[in-house]
1. Being out of contact with any Cys (no Cβ under 8 Å at 6 or more places or on another chain) and within 15 Å of residue 177 (Cβ to Cβ) is true for just one of 104, 72. Which residue is that?
2. Sort out which residues of segment 75-97 are under 13 Å from residue 139 (Cβ atoms) and open to solvent by less than 50 Å² (accessible area, probe 1.4 Å), and write them in order of number.
3. Would you mind stating whether residue 2 is at positive phi and not hydroxyl-bearing (Ser, Thr, Tyr)?
4. Going by the structure shown, is residue 89 part of a helix (DSSP H, G or I) and at pLDDT 90 or above?
5. Condition first: of a type in the set (D, E, K, R), farther than 14 Å from residue 71 by Cβ and loosely packed, with under 14 Cβ neighbours inside 10 Å. Now tell me which residues in segment 1-42 satisfy that.
6. Being touching a Gly at 6+ places or on another chain (Cβ under 7 Å) and either over 23 Å from residue 155 (Cα atoms) or open to solvent by less than 50 Å² (accessible area, probe 1.4 Å) (or both) is the filter here, so list the residues in segment 43-72 that pass it.
7. Could you name every one of the helices (runs of 4 or more DSSP H) located completely within segment 137-234 that has at least 1 residues being modelled with pLDDT under 95, closer than 25 Å to residue 105 by Cβ and open to solvent by 40 Å² or more (accessible area, probe 1.4 Å)?
8. Restricting to segment 103-136, and then to whatever is outside any loop (DSSP other than H, G, I, E, B) and hydroxyl-bearing (Ser, Thr, Tyr), can you tell me which residue is most open to solvent (accessible area, probe 1.4 Å)?
Amino acid sequence: MGAVIARVPPEVCGHRVEIVVIDDGSTDATALVATQAGAHVVVLPENRGLGAAVRTGLRHAVDTFSPVAVAFADADGEYAPEELARLIEPILAGEADYVVGSRFRGEIGRMLPTRRFGNHALTIGLRLVARVPVTDGQSGFRALSASAASHADIIHDYNYAQVLTLDLLSKGFRYAEVPISYSFRTRGSSFVRPLEYLRNVIPAVARQLRQRRSMSTSSVRHRISSRISMKVSR
């Protein structure tokens, strides 16, 4: 944790970087190490899940710092904080609202064959339902504009990846990807277990799609109602 924080650039594209660590009910010295490394630490009293941690981090960043952009990454060293500017630049240039760092468009130092297969399979599924050219649906390195971060709605606690993308796309935020590097962790282990992951994620994606269709239907009804109102007023 401390080594990863030390690698975060103090400034990106002329903007100061504030580091926030979400301690999701850890039982080790995560909060102490992060604080000593200079990060702002938000401690959740009990483990709530990755989706809840990301949701908490986005809300804290928006409410505390009034940022021009918010980026987040796993803290296990698999992603390179030195590449933060690469994610932020499309947002600052006004070209995107939501940027995902794609491992499969960049350089992968090492990835287990089972994880590579699972990532590709889930990404294909996300690409089909989202109808955008997603190449890495599960990347843990992403950036959002201030507006996207404040409007993001992560509907379940277990995970965030697919539902966050579908949510922001349904709200009209512009999606982009940039190539990033990826190194397999040398310490610790992933919380992801394939069957448990699918059991939790698939229902959440289905619920997000229902919400997306509902929002689309409501928007169409609003446009029709507005047109009728305009015609009557004329």
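1. 104
2. 78, 79, 80, 83, 87
3. Judged against the criteria, residue 2 is not a match.
4. yes
5. Listed by number, the list holds a single entry, 28.
6. 44, 72
7. Once the helices (runs of 4 or more DSSP H) in segment 137-234 are filtered for at least 1 residues that are modelled with pLDDT under 95, closer than 25 Å to residue 105 by Cβ and open to solvent by 40 Å² or more (accessible area, probe 1.4 Å), what remains is 194-233.
8. 114
The values are calculated or read from the model by the stated rules, or taken from the named source; none is laboratory data. Quantities reported herein were computed from a predicted structural model and do not represent experimental measurements. Every residue, glycine among them, receives a Cβ derived from its backbone with ideal geometry; neighbour counts consider all protein chains shown. Keep in mind that these areas ignore ligands, DNA and RNA; they rest on the heavy atoms of the full protein, side chains included. Shrake-Rupley method; radii C 1.70, N 1.55, O 1.52, S 1.80 Å.
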